[in-house]
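All remarks here apply to the structure that follows.
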6 protein chains.
Amino acid sequence: MDVVVQNICRADRSAADDFAEYSVATVHEAQARTGLLAARIKPIYVGAHISGTAVTVSVPPADNWMIHVAVEQCQEGDVLVVAPTSPSCAGYFGELLATALMARGVRGLVIDAGCRDVAELARMGFPVWSRCVSATGTVKETLGSVNVPLVCAGQWIEPGDVIIADDDGVVVVARRKAAEVLKASKLRKEKEAVTRKRYQAGELSLDVHGMRDRLARKGLTYVDAASKD
Amino acid sequence: MDVVVQNICRADRSAADDFAEYSVATVHEAQARTGLLAARIKPIYVGAHISGTAVTVSVPPADNWMIHVAVEQCQEGDVLVVAPTSPSCAGYFGELLATALMARGVRGLVIDAGCRDVAELARMGFPVWSRCVSATGTVKETLGSVNVPLVCAGQWIEPGDVIIADDDGVVVVARRKAAEVLKASKLRKEKEAVTRKRYQAGELSLDVHGMRDRLARKGLTYVDAASKD
Amino acid sequence: MDVVVQNICRADRSAADDFAEYSVATVHEAQARTGLLAARIKPIYVGAHISGTAVTVSVPPADNWMIHVAVEQCQEGDVLVVAPTSPSCAGYFGELLATALMARGVRGLVIDAGCRDVAELARMGFPVWSRCVSATGTVKETLGSVNVPLVCAGQWIEPGDVIIADDDGVVVVARRKAAEVLKASKLRKEKEAVTRKRYQAGELSLDVHGMRDRLARKGLTYVDAASKD
Amino acid sequence: MDVVVQNICRADRSAADDFAEYSVATVHEAQARTGLLAARIKPIYVGAHISGTAVTVSVPPADNWMIHVAVEQCQEGDVLVVAPTSPSCAGYFGELLATALMARGVRGLVIDAGCRDVAELARMGFPVWSRCVSATGTVKETLGSVNVPLVCAGQWIEPGDVIIADDDGVVVVARRKAAEVLKASKLRKEKEAVTRKRYQAGELSLDVHGMRDRLARKGLTYVDAASKD
Amino acid sequence: MDVVVQNICRADRSAADDFAEYSVATVHEAQARTGLLAARIKPIYVGAHISGTAVTVSVPPADNWMIHVAVEQCQEGDVLVVAPTSPSCAGYFGELLATALMARGVRGLVIDAGCRDVAELARMGFPVWSRCVSATGTVKETLGSVNVPLVCAGQWIEPGDVIIADDDGVVVVARRKAAEVLKASKLRKEKEAVTRKRYQAGELSLDVHGMRDRLARKGLTYVDAASKD
Amino acid sequence: MDVVVQNICRADRSAADDFAEYSVATVHEAQARTGLLAARIKPIYVGAHISGTAVTVSVPPADNWMIHVAVEQCQEGDVLVVAPTSPSCAGYFGELLATALMARGVRGLVIDAGCRDVAELARMGFPVWSRCVSATGTVKETLGSVNVPLVCAGQWIEPGDVIIADDDGVVVVARRKAAEVLKASKLRKEKEAVTRKRYQAGELSLDVHGMRDRLARKGLTYVDAASKD
């Protein structure tokens, strides 16, 4: 039942790395508004923006043993993704585990549970997106699994999928769709750059995107404040 | 039913601008502890402190179409105030809309719903006070209204009212009371400056505000720790 | 019923001060995972790390009168600990009270209720750990008690106990156990330093802590991704 | 500032009474999806369904004095509506106040705060819709106002407006629109009765409401499970 | 992108039906503590206990159009499972849709969003497990999908899986594992019946399950209250 | 560290039993508004009202082993009180443990964590006040303590204290104060009976409790609706 899956197939390295140029919002839009983790997953410090390949860990409530097991399965460019089998805000993760992960080139942690040592993690520059911050310790008594597909914060994540995380939250891109979504993200970003320039020049989205007709057909009415009474 | 009210009457410009010298807590006290939006409305980055005149937008859940409509109604010195007709944490607003609003001189956004692109918004210096941060996109399908009176985060807000926002939250001052509340805020701030000096010098509020008698009458008793057992 | 206890017995000054070298997580572990306040108590700004002796205040909901009373009972090296008798998120505390406390050498505030003026408190460098940020004012009508034992955010705290607070949260150490827990914290920190070095060198916790045998006995199985289908 | 407004103008008695035949959902739809109080307001027992005219009370946090004042302003067919000026879950209301209100013919209470004695209130048949159930007592120290317009659970309510409440929640109908909304509610209910019969007979809403074309135009595709791989 | 998958493969009818004899807790244990939906999904009335085969619906926030589409895909013995693509507490479902589903033999609804008409649904005997109760209406503007795999309240659910729901919550059993989990549930229930008899006779679990040795080895100490001081 | 304290001193049996005639609200008031557990602790079914002597259990997160240990320490008239050392909503308790407790005459359970089998518990008539309902199972790996003083839902509870619980929540009375608080509860109930009669007869609390003068002195003003504009 409790397994560690080794030698998983990861998304294309170069694609996984390139996603770091795109915001979570952009990638989420680029894949038709799918893949966004629940908003309860927040960064422990502002300004981090990473992408990488998922190593997944299914953990029991308040027991971080399997995170120790997972370290060995990580390699350069990975992002650790941890989900408890039932809700827990215990502090599964702190700076010692971060030290171990940094030594292997892991880029960050996404955990639907608690994290501690946040001041030290910020100093080290190891970003974490977590459900809560709590100094509560965990035990090492019950097994779980590493590199199995799981649901983390409402999203289905498979080992090797791409994870992108920034100040807005976290999004997952399926391994097999990485190239396609990367391309769509690039297109979206380019298109937004054009829009941004027009907005900066004072143009209105009503005109840039031609919304006026449809608004009128739906029945939107313009009235003057003075004429209201 | 769905209207855009144009040419609203705004609070006196100079008064609206001057409120930025007073904290939300001060203004809230100065108008007899009224007008404070619910504490769930938080700034997306620390350190912003603005005041301005409200342009209000009533939006359907997870639909940001009317914000696009509202941009055209904004002018220099306004603050956009957005309230959904039923609770939503979708990301109604991001840096593109902020770009459009900045081009018109809008000072910030207060939204009882979600916001995204928070890292970019911080870089741009466009402050937002929101209920949540979420990259979730919205649709453009259903109408709403612009510049109608509405309830935002528990407070009744009319177009043209003054909005003050800082790290503590957001407070609204009714357009017609702006001058009076501004004056009261000024008086309160001056009074606090005197109190602050006395506190800094080591005086106690018990003495500065003469509380000892009333405390004694209410029955407060001082005992020595040593004599307790 | 409502008392102010004077001349309380405080934890040893030097021990109380030395705790500031240890994180909340370390102290919590060092005293067998006890004493941690509920995670809802968060710092109003990042980067503060204090320790000190508790002056406790039991306050009615939305009434901060007793905090004014408590100031007089504080001395250099204290931390004010405030708990309402029923839940409240009102803004009991702001920069004026902080000014009064700083004048007496108080190091910070822990409050299971609301706090305001957070921007100014950050500028002053007076750290607060609170349940909420809210500009809502409070009244001065009903008595409470100072320096009585109380429950704050789920922990029993007695006057004179040691309070340690950092970005992870707040932990309390009983006055009589201060020396013992300080020693245990020191030992733990030293032990962690050794572990950290080994992790930095790329060693795995599975080996450093000899976990492999026990994992195998519990039935953990390693499989190869390729062999799974 | 703190006033009791007497002899308010109430919605037409007969209209206010007739609303009890319509569910909250029906009335909410009948007035274009407006007027619904926040879903946090829940009935303390199941099965109550009332309508009546609002007597409003603005109360300080954890202080129920003004509810005592409001009793005198109530008459047969009223519903008491209570909103605190800042969030509170204290138990403002129990069976003694309910006894006093029943003696005056009041039909129920809507309160964006706490309520207690819920077992006894159920036995008496005095329905309450509240934010929380809590035995916490309140004080009688600070004034508030009776029969002023206020925001309760996110909705603007004026004295004399119609309140309808059932197991789904609470909706308000503006006094001047009572007749019009009552008529729309009746029409909606009749229309739903026809729809219900067709659904009971096995007809699909896709056909009853002619949705198939629009779905197809939007691009909805039907595929067979067998053909998916 | 937006599809309706027809003629899905359902779990064995007889197995799906027999699960109604086992509680959610029993089934959850019988499949190694997996499959439990988040505890936020609660029954709208007490006493319902159902099992059936899942027809899944992925819906946009505050838009219930696809539920209407899904009705046609339902047959005798199904349970409708609805998950919004981003969090929403709108009232997607009421008694009219329940009427349509009952006409097709559907046994209940599981929805990670809001539900309304709860009094009428109780009268009809159509059970719903929902995240919230809210009379808020929804629109019919945006497509979604029917009978696609999805995450509902934290669990991966595929069309045709078995859903069991009672007063404790909701659990999903994968279609292919239905027979095996049913058997394990039966065994667990039988075993519990034996345990229950022994407990009723006054035996202790410490003895029935032979826990005393392991407790002692872990270091549990028995002391007498009198000897504590 | 982990102990089971045997032969605890319980509150006077007769006093502990007599408290069941008084509501939680009454007892809370009778002991000067102290002792009320947090409102998050709710009954799993309506209508239960118990009192008894506390047997306390401190449990690790998601581990119910010590509840099994505690059963042996219970006797006729006890109420089990369980608090996790860090927050958990796992289902620590179900009908098998309830069977064991009923065999020993235990009257109910108060737990600041999760409970399951709520339908069966209602059928058995074993009342539980819990933080959540969840079918999630727990492990039996880590020790805790029985009959040690602890904080449960924000209140300090010692073994042998009196627990009173009804539909409003739970209150604790210190063992040594049981007789005194019982007497005060009786007096309060008698006084309320008199007040109730006067209210039923249509008298107002303004007159019964002589509030009019103090209201006037505070500045309450009565105005007529007609004269407001």
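So in segment D:1-40, with the set limited to residues that are of a type in the set (Val, Ile, Thr) and touching a Phe, Trp or Tyr at 6+ places or on another chain (Cβ under 9 Å), which one is surrounded by the fewest Cβ atoms within 10 Å (Cβ to Cβ)?
D:VAL3
I need every pair where a residue in segment B:104-121 that is under 11 Å from B:CYS152 (Cβ atoms) has its Cβ under 6 Å from the Cβ of a residue that is part of a strand (DSSP E or B) and small (Gly, Ala, Ser), sequence separation at least 6 or different chains.
From residues that are under 11 Å from B:CYS152 (Cβ atoms), the pairs are B:ILE111/B:SER130; B:ASP112/B:ALA83.
Table: residues versus (1) at pLDDT 95 or above; (2) part of a loop (DSSP other than H, G, I, E, B); (3) at the interface with chain D (Cβ under 10 Å from one of its Cβ atoms).
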residue: E:VAL82; (1), (2), (3): yes, no, no
residue: E:VAL106; (1), (2), (3): yes, yes, no
residue: E:ALA113; (1), (2), (3): yes, no, no
residue: E:ALA119; (1), (2), (3): yes, no, yes
residue: E:ALA122; (1), (2), (3): yes, no, yes
residue: E:PHE126; (1), (2), (3): yes, yes, no
residue: E:TRP129; (1), (2), (3): yes, no, no
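Take the conditions surrounded by 24 or more Cβ atoms within 10 Å (Cβ to Cβ), polar (S, T, N, Q) and either more than 14 Å from chain C (Cβ to nearest Cβ) or free of Cβ contacts under 8 Å to residues at least 60 places away in the same chain (or both) and apply them to D:SER145. Does it pass?
no
Regarding E:LYS218, is this residue out of contact with any helix residue (DSSP H, G or I) (no Cβ under 8 Å at 6 or more places or on another chain), basic (Lys, Arg) and more than 7 Å from chain F (Cβ to nearest Cβ)?
When the stated conditions are applied, E:LYS218 does not pass them.
Kindly indicate whether any position in segment F:10-23 is without any contact (Cβ under 8 Å) to a residue 60 or more places away in the chain, at the interface with another protein chain (Cβ under 10 Å from one of its Cβ atoms) and not hydrophobic (A, V, I, L, M, F, W, C).
No: segment F:10-23 contains no residue that is without any contact (Cβ under 8 Å) to a residue 60 or more places away in the chain, at the interface with another protein chain (Cβ under 10 Å from one of its Cβ atoms) and not hydrophobic (A, V, I, L, M, F, W, C).
What single numbered condition from (1) of a type in the set (A, V, I, L, M); (2) over 24 Å from E:GLY154 (Cα atoms); (3) in contact with a Lys or Arg (Cβ under 6 Å, 6 or more places away or on another chain); (4) buried (at least 24 other Cβ atoms within 10 Å of the Cβ) fails to hold for A:VAL79?
(2)
Are any of the residues in segment A:4-23 in the same structural domain as A:VAL162 (by TED's automatic domain parsing), out of contact with any His (no Cβ under 7 Å at 6 or more places or on another chain) and among the β-branched types (Val, Ile, Thr)?
no
From the list A:HIS49, A:HIS68, which one is of a type outside the set (Lys, Arg), touching a strand residue (DSSP E or B) at 6+ places or on another chain (Cβ under 9 Å) and either away from chain F (no Cβ under 14 Å) or farther than 20 Å from F:GLU141 by Cβ (or both)?
Going through A:HIS49, A:HIS68 in turn, just one is of a type outside the set (Lys, Arg), touching a strand residue (DSSP E or B) at 6+ places or on another chain (Cβ under 9 Å) and either away from chain F (no Cβ under 14 Å) or farther than 20 Å from F:GLU141 by Cβ (or both): A:HIS49.
Would you mind stating whether B:THR34 is polar (S, T, N, Q) and in a strand (DSSP E or B)?
no
Which is in the same structural domain as A:ASP166 (by TED's automatic domain parsing), surrounded by 20 or more Cβ atoms within 10 Å (Cβ to Cβ) and more than 16 Å from the chain's Cα centre (by Cα), of A:PRO87, A:PRO43?
Checking each option against the conditions leaves just A:PRO87.
Looking at (1) at pLDDT 95 or above; (2) out of contact with any Lys or Arg (no Cβ under 9 Å at 6 or more places or on another chain); (3) within 14 Å of chain D (Cβ to nearest Cβ), can you tell me which one C:TYR92 breaks?
Here C:TYR92 clears every test but (2).
Could you say which residue among E:ALA70, E:ALA165, E:ALA135 is outside any strand (DSSP E or B), touching a helix residue (DSSP H, G or I) at 6+ places or on another chain (Cβ under 8 Å), modelled with pLDDT of 95 or more and buried (at least 23 other Cβ atoms within 10 Å of the Cβ)?
E:ALA135 is the lone residue from the list that is outside any strand (DSSP E or B), touching a helix residue (DSSP H, G or I) at 6+ places or on another chain (Cβ under 8 Å), modelled with pLDDT of 95 or more and buried (at least 23 other Cβ atoms within 10 Å of the Cβ).
Looking at E:GLY47 and the list (1) part of a loop (DSSP other than H, G, I, E, B); (2) in contact with a Lys or Arg (Cβ under 6 Å, 6 or more places away or on another chain), which single condition is not satisfied?
Condition not satisfied by E:GLY47: (2).
Do any residues in segment C:196-212 that are at the interface with chain A (Cβ under 8 Å from one of its Cβ atoms) have Cβ atoms under 7 Å from those of residues that are surrounded by 12 or more Cβ atoms within 10 Å (Cβ to Cβ) and in a loop (DSSP other than H, G, I, E, B), where the two are at least six apart or on different chains, and which pairs are they?
These pairs meet every condition: C:LEU204/A:GLU72; C:SER205/C:MET211; C:LEU206/A:GLU72.
Is it the case, given these coordinates, that F:PRO159 is surrounded by fewer than 17 Cβ atoms within 10 Å (Cβ to Cβ), within 22 Å of F:VAL69 (Cβ to Cβ) and more than 13 Å from the chain's Cα centre (by Cα)?
In short, no.
So which residues in segment A:162-183 are within 13 Å of another protein chain (Cβ to nearest Cβ), more than 14 Å from the chain's Cα centre (by Cα) and within 21 Å of B:GLU95 (Cα to Cα), if there are any at all?
Hits for segment A:162-183: nothing passes.
If E:GLY219 satisfies all but one of (1) loosely packed, with under 14 Cβ neighbours inside 10 Å; (2) on the phi > 0 side of the Ramachandran plot; (3) in contact (Cβ under 8 Å) with a residue 40 or more places away in the chain, what's the number of the condition it fails?
(3)
Can you pull out every residue in segment C:199-220 that is assigned to a helix (DSSP H, G or I) and either more than 30 Å from the chain's Cα centre (by Cα) or assigned by TED's automatic domain parsing to the domain that holds C:VAL171 (or both)? Give the derivation first.
First pass over segment C:199-220, keeping only residues assigned to a helix (DSSP H, G or I): C:199-200, C:205-208, C:212-218.
Hits for segment C:199-220 are C:LEU206, C:ASP207, C:VAL208, C:ARG212, C:ASP213, C:ARG214, C:LEU215, C:ALA216, C:ARG217, C:LYS218.
Within the group C:VAL223, C:VAL171, which residue is among the β-branched types (Val, Ile, Thr) and within 27 Å of A:VAL133 (Cβ to Cβ)?
Numbers: C:VAL223 fails: within 27 Å of A:VAL133 (Cβ to Cβ).
The match here is C:VAL171.
Mind listing whichever residues of segment D:30-46 are facing chain E (nearest Cβ under 10 Å), in contact (Cβ under 8 Å) with a residue 60 or more places away in the chain and over 10 Å from D:VAL171 (Cβ atoms)?
D:ALA38, D:ALA39, D:ARG40, D:LYS42, D:PRO43, D:VAL46
The values are calculated or read from the model by the stated rules, or taken from the named source; none is laboratory data. Model, not experiment: these values are computed from the prediction. Virtual Cβ from ideal backbone geometry, glycine too; neighbours counted across all protein chains shown.
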